[in-house]
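Working notes, beginning with the structure itself.
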Amino acid sequence: MRDRQVSRGARRAREFEAFVAGAAGRLLHAATLLTAEAPDANPRARRLLTLALAHTYARWDRLHGEDPYDCARQYLATRFARATWHQYGAFGRMRPDPRSPLAALGPQERLILVLRLYEGVAEEQAAALLGLPRERIHTICDRATATLLHPTPRTAGREVAPS
C-alpha cells in the first residue's frame, strides 16, 4: 500500500513538473501583462504565477480530465481581480511600469484584454469568469484595444482611469 502511494506521488510530481515546464512561461507572461510590470522586473507577476501553480498542484488529482492550464489561468485571472479589488478598490488605479505594453490601461481593461486577445478566451467564458455581462466584456475589450492602437496625447504614456 505504501509503495503504491509513493509511486502515485512520484507520478503526480513528474506530471506536474512537465506541466510547469510547458506552461509557466506563457502564464508568467500573462501575469506580467496583467500586473503591468516590466518583463525584467516583475515580482507581483511572479507571486501571482506561484499562487496559481500552487493552486493547480493542490487540485491536480481532482482535475479529472480538465485542462490544468485552464485551471491555472482561471486562478491567475480571479486572483488578480480579487487582489486588485481589495488593494485598490473596485479595479482602482495601480501604478504600471511605463515599459509595460499595457501601461495605458486600467487593471480591468488589462484583465479583459489579456483573457480575450492573449489567451483567446471567448467573450462568454470571460464574462462567466469575471461575473460581468458579455456585452460589457465586449465593450471594455473594444475600448482597451482602441486605447492601445490610437493613443491620444492625454493617454499616451499614462494610465487611463478605469470605468
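Using a Gaussian network model of the chain in which every pair of alpha carbons under 10 angstrom is joined by a spring, one finds that among 65, 131, 22 the greatest mean-square fluctuation is at 65. Computed 3J(HN,Hα) for the range 2-18, one whole-Hz value per residue from the Karplus formula 6.51 cos²θ - 1.76 cosθ + 1.60 where θ = phi - 60°, is 5, 4, 5, 5, 5, 5, 5, x, 5, 5, 4, 4, 5, 4, 5, 4, 5, glycine and proline marked x.
The C-alpha atoms of the chain define a longest principal axis, and helix 134-149 lies at about 60 degrees to it. Compared with the alpha-carbon gap, the fully stretched path from residue 85 to residue 50 is longer by 10.6 nm at 0.36 nm per residue. Dipole orientation for the range 96-142: of the candidates 113, 125, 102, 102 has the Cα lying most toward the positive pole (charges on Cβ; Lys, Arg +1; Asp, Glu -1). Global dimensions of the chain from alpha-carbon coordinates: Rg and Dmax equal 17.6, 68 Å.
Bear in mind that the values in this text are calculations on the coordinates, not laboratory data. As the structure is a prediction and not an experimental result, all values here were calculated from the model. FYI the Cβ positions are ideal-geometry reconstructions off the backbone, even for glycines, and counts take in every protein chain you see.
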